[in-house]
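Below: one structure, written as structure tokens.
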Amino acid sequence: QQADQLRDLQRDAKRPAALETPLTRQIRILENRLDKAMIKYNEAMSIKKTYEQIVKRLKEERVNFDHQLQAIEGTLKAKSSDYNELLLMANEAAHARDLAKQDLAKTEALALEERRHREAELRSRRTLVEAQKAVMSRMDVRDQRRRSVILEAKGDLDDEQEERLREEAAATQASRAVAEGAISEESERMAAFQPALRLF
């Protein structure tokens, strides 16, 4: 309707200047005001459309943002669950490590004690073997002396004395055999101890 009125006013404005009256001047003033008002109206409508598009775009982005926010929150929850699980695994691993260290310390202590025990036993056996060797050495010396006495006194001894010397010699040989067997047995045991000591 305003556009129709504007056309009518423009048509009337094309009439000869002789017809110009105060009313026509007033009409032209109103037409100018109307033109300015229409320009402002069109500008306002254009701005309104622009803002409507902006609002529409923001609403669409808000929907997408809500979806993205939900996805991020879901990912955050999953990562939080993974973190808690990894933390639990780390605590369990640390506990297992501490237990393993304790077991290792106990094993090392037992191994050290076993090594000390074996070393002490080996020293004791060596001392025993050395003592048995010393006894055998003395027995050898005594046997040699007895043989010398027998050879020197051969023919001067009666049967009973010779028998007693033979019995003593046999006893000495038996004692020597026992001592040699004991020394051999102890030597074998000590030889078996040597590799065991190297393991500790």
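The values are calculated or read from the model by the stated rules, or taken from the named source; none is laboratory data. All values derive from a computational prediction rather than experimental measurement. Glycine also receives a Cβ, built like all others from the backbone with ideal geometry; neighbour counts cover every protein chain displayed.
Some values worked out for this structure:
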{"quantity": "Among (1) in contact with a helix residue (DSSP H, G or I) (Cβ under 9 Å, 6 or more places away or on another chain); (2) modelled with pLDDT of 80 or more; (3) not β-branched (Val, Ile, Thr) - the single one Gln2 does not satisfy", "calculated": "(2)"}
{"quantity": "Near pairs, Cβ below 7 angstrom, 6+ apart or cross-chain, from the stretch 100-123 (in contact (Cβ under 8 Å) with a residue 40 or more places away in the chain and surrounded by 11 or more Cβ atoms within 10 Å (Cβ to Cβ)) to any residue that is small (Gly, Ala, Ser) and part of a helix (DSSP H, G or I)", "calculated": "Arg118/Ala196"}
{"quantity": "Single residue of the stretch 14-57 satisfying the filter (among the small types (Gly, Ala, Ser) and modelled with pLDDT under 90) that is surrounded by the most Cβ atoms within 10 Å (Cβ to Cβ)", "calculated": "Ala37"}
